[in-house]
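Below you'll find the structure, written out as structure tokens, and then a few comments.
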2 protein chains.
Amino acid sequence: MAALTFTLGARDGAARRGRLMTPHGVLDTPAFFPVGTFGAVRGISPADLLGAGVQGVLSNTYHLHLRPGEQVVRELGGLHGFMGWPGPMLTDSGGFQLHSLDHLARADEDGVRFKSPLDGSEHFLSPERAVEIQEALGADLIVCLDHFEPVADPPDPARERLLLERTLRWAARCKAVARREDQWLLGIVQGGGSPALRLESARRTAEIGFSGYAVGGLGLGESIEQRSALLESSLEPLAQDVPRYLMGIGTPEDLVEAIARGVDWFDCVVPTRNGRHGSVFTPDGPLNLRNARFRADPKPIDASCDCQACSGFSRAYLRHLIACGEALGTRLASLHNLQFYMRLMQDAREAIAEARFEAWRSAFRARYRGASPATDSAA
Amino acid sequence: MAALTFTLGARDGAARRGRLMTPHGVLDTPAFFPVGTFGAVRGISPADLLGAGVQGVLSNTYHLHLRPGEQVVRELGGLHGFMGWPGPMLTDSGGFQLHSLDHLARADEDGVRFKSPLDGSEHFLSPERAVEIQEALGADLIVCLDHFEPVADPPDPARERLLLERTLRWAARCKAVARREDQWLLGIVQGGGSPALRLESARRTAEIGFSGYAVGGLGLGESIEQRSALLESSLEPLAQDVPRYLMGIGTPEDLVEAIARGVDWFDCVVPTRNGRHGSVFTPDGPLNLRNARFRADPKPIDASCDCQACSGFSRAYLRHLIACGEALGTRLASLHNLQFYMRLMQDAREAIAEARFEAWRSAFRARYRGASPATDSAA
């Protein structure tokens with residue numbers, strides 16, 4: 001039996017209920033991976049994550065390569081041993097950070113040369129190195145290196161073509177060097193802001209052949225309608241029996257819309273980053289705890305939630321902690337948001353399994369938008 | 001029966017084993033209160049604190065008065081309800097922050113006028129207001145306002161006399177207005193760097209009459225020998241059956257030396273602040289996790305410790321988290337240090353109860369100093 005398997009269960013429209021089996025346990029899909037940039041989810045312990053219902057965690061290859069370095073992580077038992085996280089784990093390739101963060105990076109056909117913002121040291125990330133680093137880190141799911149750039153305004157078709165072709169060549173190079181059989185290497189669909197290029201990227205990446213596919217380059221300012229169209233083009237050529245991962249997205253509404261189009265899992269900093277800033281999610285929409293109306297509010301964030309924050313603390317106390325920059329506030333608000341995301345995924349899975357996804361999606365959206373004016377946005 | 005009682009159990013030399021009963025449960029003494037400046041112990045939840053064996057927590061009146069304000073705290077059930085902390089609680093008077101922090105404060109016989117560093121608003125803290133605020137906050141143990149200044153160099157006897165007399169007058173004013181019978185108001189012994197003034201301050205504060213006594217103004221750079229002499233003078237005039245609290249101290253060795261002189265409880269930021277900076281305590285002395293030798297060290301901080309950090313994480317991982325400024329590192333290192341302090345207090349209590357305190361103190365010191373060069377100081 002293979003080290004990883006993905007089993008597609010119920011389908012409801014384009015939405016899918018599935019199960020990924022990994023050497024570190026089960027991921028029920030649709031699923032959401034919290035982001036542990038430095039090998040930890042911002043102040044939250046593995047026990048806290050398990051308590052919130054989290055099944056899988058993402059860590060960032062770029063950050064861990066720079067510090068402490070993948071060899072240290074490998075010596076300490078890989079990311080699972082290093083972080084003390086027992087469940088499924090995912091790493092990205094580092095490509096997104098290299099092409100988006102503020103540091104000196106020069107990409108050519110070979111790969112990307114960049115300087116560490118920590119100490120100015122020179123580094124080189126090629127498709128082969130990205131796989132090698134991720135094999136040392138040892139996550140269950142790893143991702144091909146892509147050459148990513150935000151869509152230019154006005155669009156630059158020649159540049160988009162170059163990036164698409166290069167990303168395809170890099171995908172083939174990644175596949176050629178991947179050695180570990182207990183990891184799945186995911187291909188990555190790009191194609192910028194063009195539905196035609198997205199279709200082509202997905203079709204040709206699938207021709208190279210991967211166990212699953214990530215969709216990158218979305219969630220960068222395009223409208224939800226634009227994104228939905230680009231996502232549909234990115235998924236359309238992919239076989240049904242392989243899992244699809246939408247990278248770096250998003251808000252609760254974003255997730256529901258992407259599930260409706262056939263995405264199986266997500267990662268995003270929104271629940272933890274927004275929590276840190278006092279924005280917390282409820283079925284009736286987000287609340288901004290910094291708002292003065294919560295100053296002496298004895299109620300929990302959400303009376304229907306049994307997370308650590310809602311079980312023991314008032315909105316007034318959480319507001320106070322966040323106003324003071326006290327780390328317990330960040331932790332409790334982040335844990336609440338993560339538990340909200342986990343419940344959202346669970347509700348989606350149940351709705352798909354019971355063939356009532358569309359009704360659930362409509363009811364979710366109506367309630368989520370109804371009680372929350374558009375100005376109280378969480379994103 | 002009184003709302004609070006202090007029962008002195010075994011004595012061994014000057015060291016004392018006691019028990020404080022409060023409306024919120026028991027404090028076994030000698031005891032240590034972690035500091036929750038903003039109404040939380042830096043990222044650590046009440047459940048974490050209970051798991052580390054913490055019985056009592058201190059919160060800072062000055063910070064809570066400015067934000068969220070004592071009326072908000074009172075509306076939400078006092079500090080116990082606000083913070084979700086079920087056990088004994090202590091507040092300071094705000095005097096230390098007013099006289100030591102960097103803000104505009106002018107003290108005269110009436111009290112202290114100061115501006116909030118948050119918004120520039122004008123505030124006035126008198127002895128009466130200090131009690132009123134602490135009654136609104138609702139801790140089990142509250143402290144008289146004192147007029148504190150670091151000892152001048154060269155000493156200024158006239159100034160020390162003025163501060164001593166004023167602090168005594170303020171103590172009488174505090175006692176005159178304290179109303180809540182479920183709180184104990186503690187007198188405060190000052191007297192600067194003069195053993196004679198310390199003796200006089202303690203004798204005359206005891207003449208006013210309090211249920212317990214705090215000793216302030218120590219731990220500000222004096223040698224351990226100087227401090228021990230000043231502490232002995234501060235305690236000597238006090239009756240044996242009242243508890244003694246040494247404010248703002250200290251390292252593990254400081255605590256053992258003060259217990260040897262008859263102190264019953266302490267508060268200090270050392271375990272949490274040092275933890276945040278990567279300094280962690282072990283029976284063999286402190287370790288600085290930032291040291292390069294821990295880069296790939298798979299061992300826990302202390303193999304004999306069962307705290308959250310030592311149960312699941314390597315020195316290498318904790319070092320990485322602290323190097324990255326990741327809040328989980330702060331939390332785990334702080335929790336380890338708190339559990340070390342709690343075990344130190346427990347060991348001291350057992351040694352006193354079994355009339356072997358001197359032997360325990362010597363053995364503790366020899367081991368703590370032996371394996372750790374003086375340059376690896378935790379303080």
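The values are calculated or read from the model by the stated rules, or taken from the named source; none is laboratory data. Since the model is a prediction, treat every value here as computed from it, not as a measurement. All Cβ positions, glycine included, derive from the backbone under ideal geometry; neighbour counts span all protein chains shown. Remember, those area values only see protein heavy atoms, side chains included, never the ligands or the DNA or RNA. Shrake-Rupley method; radii C 1.70, N 1.55, O 1.52, S 1.80 Å.
Yes or no, residue by residue, for (1) of a type in the set (Val, Ile, Thr); (2) over 16 Å from the mean Cα position of the chain (by Cα):
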{"residue": "A:Thr7", "(1), (2)": "yes, yes"}
{"residue": "A:Gly13", "(1), (2)": "no, yes"}
{"residue": "A:Arg16", "(1), (2)": "no, yes"}
{"residue": "A:Gly39", "(1), (2)": "no, no"}
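Taken together, the residues in region B:38-51 that are open to solvent by 10 Å² or more (accessible area, probe 1.4 Å) and either more than 7 Å from every other protein chain (Cβ to nearest Cβ) or part of a helix (DSSP H, G or I) (or both) amount to 5.
Whether any residue in region A:252-260 is at positive phi and touching a residue at least 40 places away in the same chain (Cβ under 8 Å) is what I want to check. The answer is no, given that none of the residues of region A:252-260 is at positive phi and touching a residue at least 40 places away in the same chain (Cβ under 8 Å). Figure legend. Inter-residue proximity from region B:147-171: first residues in contact (Cβ under 8 Å) with a residue 60 or more places away in the chain, second residues part of a loop (DSSP other than H, G, I, E, B), beta-carbon distance below 7 Å, spacing 6+ or different chains. Indicated pairs: B:Phe148/B:Gln190; B:Phe148/B:Gly216; B:Phe148/B:Gly217; B:Pro150/B:Leu220; B:Val151/B:Gly192; B:Val151/B:Gly193. Mind checking which residues of region A:309-342 are surrounded by fewer than 19 Cβ atoms within 10 Å (Cβ to Cβ) and either touching a Gly at 6+ places or on another chain (Cβ under 7 Å) or on the phi > 0 side of the Ramachandran plot (or both)? If the condition is that a residue be surrounded by fewer than 19 Cβ atoms within 10 Å (Cβ to Cβ) and either touching a Gly at 6+ places or on another chain (Cβ under 7 Å) or on the phi > 0 side of the Ramachandran plot (or both), then A:Gly312, A:Gly325 are the ones that fit. Among the residues of region B:142-155, are any farther than 19 Å from B:Gly219 by Cα, open to solvent by 10 Å² or more (accessible area, probe 1.4 Å), assigned to a strand (DSSP E or B) and of a type outside the set (Phe, Trp, Tyr)? No, because not a single residue in region B:142-155 is farther than 19 Å from B:Gly219 by Cα, open to solvent by 10 Å² or more (accessible area, probe 1.4 Å), assigned to a strand (DSSP E or B) and of a type outside the set (Phe, Trp, Tyr). Under the condition of being free of Cβ contacts under 8 Å to residues at least 12 places away in the same chain and in a helix (DSSP H, G or I), the residues counted in region B:73-97 number 2.
Here A:Ala303, A:Ala355, A:Ala351 are screened, and the one residue that is aliphatic (A, V, I, L, M), touching a helix residue (DSSP H, G or I) at 6+ places or on another chain (Cβ under 8 Å) and either touching a residue at least 60 places away in the same chain (Cβ under 8 Å) or assigned to a helix (DSSP H, G or I) (or both) is A:Ala351.
Return the only residue of B:Ser279, B:Ser311 being within 14 Å of another protein chain (Cβ to nearest Cβ), hydroxyl-bearing (Ser, Thr, Tyr) and under 27 Å from B:Gly43 (Cβ atoms). Walk me through it before giving the result.
Working: B:Ser279 fails: within 14 Å of another protein chain (Cβ to nearest Cβ).
The unique qualifying residue is B:Ser311.
When B:Arg11 is evaluated against the numbered criteria (1) open to solvent by less than 30 Å² (accessible area, probe 1.4 Å); (2) of a type outside the set (A, V, I, L, M); (3) at pLDDT 95 or above, which criterion, by number, is the only one it fails? B:Arg11 satisfies every listed condition except (1). Across region A:109-123, the number of residues qualifying as surrounded by 14 or more Cβ atoms within 10 Å (Cβ to Cβ) and at positive phi comes to 1. Within region B:196-227, the residues that satisfy the criterion of being surrounded by 17 or more Cβ atoms within 10 Å (Cβ to Cβ) and part of a helix (DSSP H, G or I) are B:Leu197, B:Arg198, B:Leu199, B:Glu200, B:Ser201, B:Ala202, B:Arg204, B:Thr205, B:Arg227.
Pairs linking a residue in region A:223-234 that is farther than 12 Å from A:Ala196 by Cβ to a residue that is buried (at least 22 other Cβ atoms within 10 Å of the Cβ) and among the β-branched types (Val, Ile, Thr), with Cβ atoms under 8 Å and 6 or more positions apart or on different chains, are A:Leu231/A:Val215; A:Leu231/A:Val263.
Test B:Asp284 against the stated conditions and say whether it is more than 20 Å from B:Val57 (Cβ to Cβ), part of a loop (DSSP other than H, G, I, E, B), acidic (Asp, Glu) and away from chain A (no Cβ under 14 Å). Criteria met by B:Asp284. The residues of region A:21-33 that are under 16 Å from the mean Cα position of the chain (by Cα) and assigned to a strand (DSSP E or B), listed by number, are A:Leu27, A:Asp28, A:Thr29, A:Ala31, A:Phe32, A:Phe33.
To keep it simple, each residue is scored yes or no on (1) within 10 Å of chain B (Cβ to nearest Cβ); (2) in a loop (DSSP other than H, G, I, E, B); (3) buried (at least 24 other Cβ atoms within 10 Å of the Cβ); (4) small (Gly, Ala, Ser).
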| position | (1), (2), (3), (4) |
| --- | --- |
| A:Val35 | no, no, no, no |
| A:Gly53 | no, yes, no, yes |
| A:Gln71 | yes, no, no, no |
| A:His99 | no, no, no, no |
| A:Glu135 | no, no, no, no |
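If you check A:Ala229, A:Ala258, which single one turns out to be over 19 Å from the mean Cα position of the chain (by Cα) and of a type outside the set (Phe, Trp, Tyr)? Break it down into steps so the answer makes sense when it comes.
Details: A:Ala258 fails: over 19 Å from the mean Cα position of the chain (by Cα).
Just a single option satisfies the conditions, and that option is A:Ala229.
Within region A:343-363, the set of residues being aromatic (Phe, Trp, Tyr) and either facing chain B (nearest Cβ under 10 Å) or surrounded by fewer than 20 Cβ atoms within 10 Å (Cβ to Cβ) (or both) comprises just one member, A:Trp360. Take the conditions (1) open to solvent by 20 Å² or more (accessible area, probe 1.4 Å); (2) within 14 Å of chain A (Cβ to nearest Cβ); (3) not in a helix (DSSP H, G or I); B:Asp297 misses just one of them, which is (1). Can you tell which of B:Leu335, B:Leu318, B:Leu328 is assigned to a helix (DSSP H, G or I) and in contact with a Cys (Cβ under 7 Å, 6 or more places away or on another chain)? Residue meeting the stated conditions: B:Leu335.
Confirm whether A:Glu165 is in a loop (DSSP other than H, G, I, E, B), open to solvent by 10 Å² or more (accessible area, probe 1.4 Å) and of a type in the set (Asp, Glu).
Numbers: in a loop (DSSP other than H, G, I, E, B): no; open to solvent by 10 Å² or more (accessible area, probe 1.4 Å): yes; of a type in the set (Asp, Glu): yes.
Criteria not met by A:Glu165.
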